[in-house]
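Trainee: Okay, handing you the structure first.
The values are calculated or read from the model by the stated rules, or taken from the named source; none is laboratory data. The model shown is predicted, which means the values in this text are computed figures rather than measured ones. Neighbour counts are summed over all protein chains in view; Cβ atoms, including those assigned to glycine, are modelled from backbone coordinates with ideal geometry. What goes into the accessible areas is simple: the full protein's heavy atoms, side chains included, and nothing from ligands, DNA or RNA. Shrake-Rupley method; radii C 1.70, N 1.55, O 1.52, S 1.80 Å.
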Amino acid sequence: MASDIKGVKTYSSLDREEFLEDGYYTHYSLLEVFSSEMLVEILSHLKWQDLTRVAQTCTTLRDIVACATLWHRLWKLDFTNCQSPQKKHIMHVAARCPNAGFLKLGSVDFPEDEDHGATAPSDIPVNGVESGDAADDDVTLGDDLAADNNVAANDAAANNDIVDAEGPAGVAGDEGANHMPDLGDGQNEEEEEAESPWQPYDLMILEILRLCPNLRHIDLANDGMTNRSVEAVAAKCDKLKTLSIGESEQIGNHVIVDLVSTLSHLNSLTISRCINVYNLDLAHKDSNILLSNITTLRLHGLYLEGPNIEVMCKNCPCLEHLDLSGSKRLRGISTDLQQLEISCLKTLILNNCTGFEMLHLSSGAAELQCVDVSYCKNIRHIHLNCESLSELKTDGCEHLAEVSILSSNMTQLNLSRLDSLSVISIHCPSLTDVNLSHSPSLKIDQLLQIQQLNQVEKLYLTGCKRMPPTDISKQVLPSMTNLRVLHHGGHDWTYVELWSKTLQTLALSHLTNASGILLRMPGLKDLSVYNCPVITENELVDGILLGRKVARYQGLVTAEEADSYSGELDPQFGAVNLKSLSLSMLPNIQGNLLSCTACRLNQLTHLEINKCAFLRKLDLSTWLNLQQVTVNSCSKLQTVVATGKTIHTLELKWCGVVQHCSISTPSLREIDLKGSNFEYFFLDAQHLRTLEINGICFNPDHTAVIKCPNLYTLVLKQCGCSTLYLDAILRDCPKISNLQLSACNKINSLTITQNIEVLKLISLRRLENIIVDPSLGRPCPIRELVLHNLPKITPKLRRCLFEQHKDTLRIVEVRALAKETDLTLSLPNLSHLTLDQGIHLKQIKIICPKLQYLRIQGCPNLKELGLHIEELPLLQVDHSSPLIALQHLHLTSHNVKFLGRVLRYYCPNIVKLTLSGDNTSLARIRNVGHALEHLTTLILLDCTPSDDLKPWIDKDLELAPNELQRESNSLTVQFR
């Protein structure tokens, strides 16, 4: 029935009874119950690094990890994240993974005595590996892997039976050992005569390629790599698809040419920071053969020039992705010359080519979709005539002056933050979004050079200092009949005038000198004004409502102009159809005029005011259709009045101390008052269900009235309201079921109402009485009770509270028990119990049969604990700190599975243990005695003993230390 893996004995489901005694597990781990097939299947989903870690956990898993099947399934070998990439460890892993298809290797730690001038031994196989070769290699993994001397041999023997899950899998190698071919074939005569020696890194690469003949993807980055490593890859990996080499100063052009000429399946080549690869003409050695298999080229940080790019593109006709990031000498790319053939190219990346000055693709790039010239600081001209182009990235091109694009697929154009950009020519009939933000050299006439400008829907011009608002209104907006979104600002004009009949969203920002905004936009729905330090509230309201300047004398509206506000507004002037208004960082907004006149915006549904430092008043009582109001970080706000019938969401956050806040709206459903305090607070909301207030009624003359008949959750934190105010709030909110009071230091008495189910009382220093409303005639249905830091609540009052609600309580949390030494809890339906900070407690008795969660901590003097529960395995205690001082535990339970494991963690130092009302056996007694090394007395009270314990029922049982597998202290078992 049992199966063995390297000496590991595991059991099937038919053998589980051997591990069960009286229905209890006698072992801590279930690994011995799992079948070997199940364990192998679980571990097969891990990487090789994870397998080595698993092998260090226990001897069982260590031996299972040695199973050849696990390693044969591994496809990816990545050694770049090893803390100590030692050669012997890497070689051992490679020897065990003959089916690996991916290899990534970086720095390697070689032994100090490694020969740095060796030549390749003549007997090193090149094309395959025999089953016995791996066993003879002098490679070991060390302490982190369990392997005997025949593991590698077993791996190779089983290779033909394993199918690779991720990549292609093949046989381990060809029969018979082939000697290394002339890897230098194709080099000139001088290089053959002066053959370079094999370096340790080269020899290791050659050996890995021999051990893993099925590699399809290789990534090598090491300064010790020479031409020999590349030659070995070319000679041994005839089916290689992806190759990446980098960080080497010893690789030259000729081995790269030999490589691409030899590997006919290679489709992706990456060469990074190899300084001796310069002026590379990538082509086949046979001029009549093209490199049609290569679709991706990444040449990072190489010395390349224009002719090299021409040769590369001519000989790679199927090239789709070309990345020349960091090229040192490349000055420009142009398709004016017919020899630059890039008809299949889809992606061109030229990141950080510091010497790059010009990109001109006027023909032959019909498939090009993405061009990235980010951080080419010296590029000045871009001309792209590419029908499929959809994306152009120009981040950090600080000297870019001219951009010309012709494309049928481009929908979004981003030419933002280009300080030198002054000429643009855009022919993109599908263009919908144009972003020219913070390009200060552009003028209006260049913007008008964009063809099909009438198709553009979104236009971003923030920071375009040479595009005055008046010119935009007169020249740009009339021709952009489909424009819906406009972002503008970041200039020095003193007045902003904009008019458009189609614009729906307008964002004005960073108007440092603008004193007024005049809008004539009857279709405008969303307006955002941000960081305009000069504009006044009067001029802002004038521009929005009237669309013109209003004559004032000493800030007061003249009699003639007053009629303009009281009469019918002209919809062709201003933006009277606004639905959303956002005002941010406007220091001159005080709220008086806004509160009085903005009610004329009959369609406004969303109002947001952020960081308006001098906003003092906000009256929303006459706003007819307002639904959402957000006020953030307005520290000088003094008065808030919200009596609209349509407001359903209100945020009033981080506004300091508000003197007067009156909210009366029947539709209010969400309110957030975080970070705001109130002197006078009035709230009347018929549909509000949750309310949290941080700070009201600090002084005796402050008042708070809350009338929410459908309120279910009330949270008061750091509030100075007295018991009188609290009783009134609970009376006006009769449906409150969740009441949380925290740091409300003026409350000395609390009357619990009929619907309270969750009651949390935290840091109420003056609270001394908790009573149930006498008019109820029955206890409240409290399910959760939290009593934290209540210094004036007596133990008698707490016991009375528990007794009144013992049938309904499910969760109890008691913290900071002052000067109490004994605590008794008898709650028949309690499931969660937390006792904390009982520094004087010495004895606790818990009678909670249905308890499932227990946390006792912060009780350094606790000596005795009585626990009466139904099933111990359901009790969660691993999250709790151990009770180090506990000496005596009295446990009453009908099911004490895993008793030793639980007690060893939770109370490791107990000396006396009493078990009541349970079935027990000698094996379980020994298990407990082994787990608790300080236990000297075990009392079995009303327990049903097994047959092996019946001889000792009438007398004490003494178990010696050797029977308990511990060093000292015998165990006395008493039956009562």
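Trainee: Which GluC sites (Glu not before Pro) from the range 935-974 combine a DSSP loop assignment with at most 10 other Cβ atoms within 10 Å?
Mentor: Sites meeting the loop and neighbour criteria: Glu967.
Trainee: Classify the range 615-700: rounded, prolate or oblate, from the alpha-carbon gyration tensor (a ≥ b ≥ c, eigenvalue square roots; a/c under 1.5 rounded; otherwise prolate if a/b is larger than b/c)? Intermediate results must be reported in sequence, preceding the final value.
Mentor: Working: a/c = 1.67, a/b = 1.36, b/c = 1.22.
It comes out prolate by the Cα gyration axes.
Trainee: Would you tell me the accessible area of Ser479, worked out with a 1.4 angstrom probe on the heavy atoms of the protein chains, in Å² to the nearest 10?
Mentor: Here the accessible area works out near 50 Å².
Trainee: Next question. Given a 1.4 angstrom probe, I'd like the percentage of the accessible area of the range 248-347 that is carbon and sulfur, rounded to a whole number.
Mentor: Reported share for carbon and sulfur atoms: 47 percent.
Trainee: Listed highest first by mean packing, meaning other Cβ atoms within 10 Å per residue, what order do 789-800, 215-226 come in? Mind showing how you got there, number by number?
Mentor: Values: 789-800: 15.2, 215-226: 19.9.
Highest mean packing first, the order is 215-226, 789-800.
Trainee: Also, I was wondering about something else. With the Cα gyration tensor of the range 664-755 giving a ≥ b ≥ c as the square roots of its eigenvalues, does the rule (a/c under 1.5 for rounded; else a/b larger than b/c for prolate; else oblate) give rounded, prolate or oblate?
Mentor: Oblate, because a/c is 1.5 or more while a/b does not exceed b/c.
Trainee: Return one whole number: the accessible area per residue of the range 232-382 in Å², for a 1.4 Å probe. Walk me through the numbers before you get to the answer.
Mentor: Details: 5990 Å² over 151 residues.
Per-residue value: 40 Å².
Trainee: When the accessible area of the range 865-976 is computed with all protein chains present and a 1.4 Å probe, what percentage of it is carbon and sulfur?
Mentor: 48 percent
Trainee: Compute, for Glu784, the solvent-accessible surface of its heavy atoms (probe 1.4 Å) with the complete set of protein chains present, and express it in square angstrom to the nearest 10.
Mentor: Near enough 40 Å² of accessible area.
Trainee: Still on this structure, I have one more. Taking all protein chains together and a probe of 1.4 Å, list His702, His934 from the most accessible to the least accessible.
Mentor: His934, His702
Trainee: Something else: How large is the accessible surface of Phe898 in square angstrom, using a 1.4 angstrom probe and rounding to the nearest 10?
Mentor: Estimated to the nearest 10 Å², Phe898 gives 60 Å².
Trainee: Could I ask something else about it? Taking the Cα centre of the range 891-947 as origin, work out the dipole magnitude from +1 charges on Lys and Arg Cβ and -1 charges on Asp and Glu Cβ, in debye rounded to 20.
Mentor: 220 debye
Trainee: Placing +1 on the Cβ of each Lys and Arg and -1 on the Cβ of each Asp and Glu in the range 828-976, which of Thr944, Thr834, Leu964 has its Cα farthest towards the positive end of the resulting dipole?
Mentor: It is Thr834, whose Cα lies furthest towards the positive end.
Trainee: Could I ask something else about it? Can you tell me how the range 701-841 classifies by the Cα gyration tensor, rounded, prolate or oblate, using a/c under 1.5 as the rounded cut?
Mentor: Details: a/c = 1.99, a/b = 1.34, b/c = 1.49.
Oblate is the answer for the range 701-841, as a/c is 1.5 or above yet b/c matches or exceeds a/b.
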